[in-house]
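> Below you will find the structure I want to go over with you.
The values are calculated or read from the model by the stated rules, or taken from the named source; none is laboratory data. Bear in mind that the values here come from a model prediction, so they are computed numbers and not experimental data. Cβ coordinates were reconstructed from backbone atoms using ideal geometry, including for glycine residues, and neighbour counts include every protein chain displayed. Areas reflect the complete protein model, heavy atoms only, side chains present, ligands, DNA and RNA absent. Shrake-Rupley method; radii C 1.70, N 1.55, O 1.52, S 1.80 Å.
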Amino acid sequence: MCARVGVLEVEWWSSGDCERAVPFGPAGLCSRKFHCASWMLLISFLLDMVIRKVTRHLNICCKSGAELNDFAVFTTCGLASALLLGVDGPLNGFLAVIYVLATSFRLCFYSAAGTPFTYKGLPCPYASCVLASTSLLTKGNTFILSCMASLMVLFMMDQSYYPHDEILDSENWKKVVYLGGVIMLFLSPFSLTAFYCLMWSLSYIFFPDALWGKAVCLRLQQLRN
């Protein structure tokens, strides 16, 4: 038996005294949109590295291109990622605004670290990857997403240095990590891909020098010599 209540269509199965309802319409559609948005953010995280490699290889970098890149990063890693938090409540909406402002502040004031081959503050794509992966693994749990977003805001606003190490132009094992992410995105179960990207991003956040900064240290030593 089907019943329509307001704008939600509910299908009922009756078995004795037991009944269960499955929602359709806006609620289910919204859930699917958040799921697709999370995947789009993970794809953009991987594509960003390819685009940067292509621009360096073709030597087509320019000031206007850099500004457009910052705008693209702000739109994708700032606005789109903040919408994963939801704006259906005052606290979620406030946190989403704070996340967007932190992304903007990070891009405006921390882009030039002053030290060669380093970023000042956590790069926005890694924060976006953490939120997207968490959203997929927790099926959009707003409490966990809010906690992770708050943590990412602190890392982006922090003045710690992160290695500006281009993965596709770096050590072979980093290229394998990237290739693994691409392969898993298309061939592996969704939850496993999200977990892989989450571990990748968290390793960069918590072990920037021990794991990801060795090549940067070698470059700095070569410059000093």
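> So between Phe206 and Ala72, what do we pick up on full extension, going 0.36 nm a residue minus the alpha carbon distance?
So the extension gain works out to 45.7 nm.
> Given the Cα-Cα distance of Cys108 and Ile183 and 0.36 nm per residue of separation, how much length would full extension add, in nm?
Values: separation 75, 0.36 × 75 = 27.00 nm, distance 3.38 nm.
Full extension from Cys108 to Ile183 adds 23.6 nm.
> Let me ask another. So for the pair Ser150, His57, with labels modelled 7 Å out along Cα→Cβ, what separation do we get in nm?
4.3
> Here's a follow-up. Would you mind telling me the share, in percent, of accessible area of the range 137-178 contributed by carbon and sulfur at probe 1.4 angstrom?
The C+S portion of the solvent-accessible surface of the range 137-178 is 63 percent.
> Once amide H atoms are placed 1.01 Å from N in the peptide plane, what residues at a sequence separation of 5 or more from Tyr119, or on another chain, have their amide H within under 5 Å of its amide H?
Close amide H contacts, sequence-distant or interchain: Tyr162, His164.
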